[in-house]
1. Please identify the trypsin sites (Lys or Arg not before Pro) of the stretch 13-61 that satisfy two criteria: DSSP loop assignment and at most 12 other Cβ atoms within 10 Å. Which are they?
2. Select from the stretch 75-173 those GluC sites (Glu not before Pro) which occupy a DSSP coil region and have at most 15 other Cβ atoms within 10 Å, ordered by residue number.
3. Net charge near Arg62: determine it from the other residues with C-beta under 14 Å of the C-beta of Arg62, scoring Lys and Arg +1 and Asp and Glu -1.
4. Please compute the contact order of the stretch 4-166 in relative form: average sequence separation of alpha-carbon pairs under 8 Å and at least six residues apart, divided by the residue count, as a percent.
Amino acid sequence: MRKLLPAILATILTACTGLPEGVESVEAVDPERYLGTWYEIARLDHSFERGLSDVTATYGTREDGGISVLNRGYSVDDAEWSQAQGKAYPLQEGDYSQLKVSFFGPFYGGYNVIALDPDYRWAMVVGPNRGYLWILAREPSLQSAVLEALVAQAAALDFPIDELIYVDHGIAP
């Protein structure tokens, strides 16, 4: 049993970083083009983002070859900014379409880019299961036709689009 424990633990930890069944990541993501600030346009609800407006994710380079992550949002109820700093690494060397992201310790979650504008103006990202979905853009808003197409793509992949939260921007002081 002692010999199996590391293998079991590794399996459990990596299970949180994969893709939902039947969902594929984009073919390639250029990390240099992906870096910078993205505005959250829509998301599925999670306690770590509940009640936040003006949500952004800013990605940068790390000295160890990974990607720095700064998620930030404004709580109207608390009248204050909330932020979380993390780090991300490709699941397979050189493939930035599937990352493992950590905001605390050795625990990683999946960050899988499943749709990406050729000009890197918008992206759709999912976690390891259909409970995690984000639509991101380089601007605080997204053309309605593009947003509708991304939501339709998510629906076709069986994500619960009726539970999407559309994020307000411009509320924070």
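What follows is calculated from the coordinates using simple rules that are stated; it is not laboratory data. Keep in mind the model is a prediction, meaning the values are calculated, not measured. In this analysis, Cβ positions are derived from the backbone assuming ideal geometry, glycine residues included, and neighbour counts consider all displayed protein chains.
1. Values: sites: Arg33, Arg43, Arg50; in loops: Arg50.
Hits after loop and neighbour filter: Arg50.
2. Numbers: sites: Glu80, Glu93, Glu148, Glu163; in loops: Glu93.
Of the GluC sites (Glu not before Pro), the ones in loops of the stretch 75-173 whose Cβ has at most 15 other Cβ atoms within 10 Å are Glu93.
3. Details: positive: Lys87, Lys100; negative: Glu32, Glu63, Asp64.
Summing Lys and Arg as +1 and Asp and Glu as -1 gives -1.
4. 26
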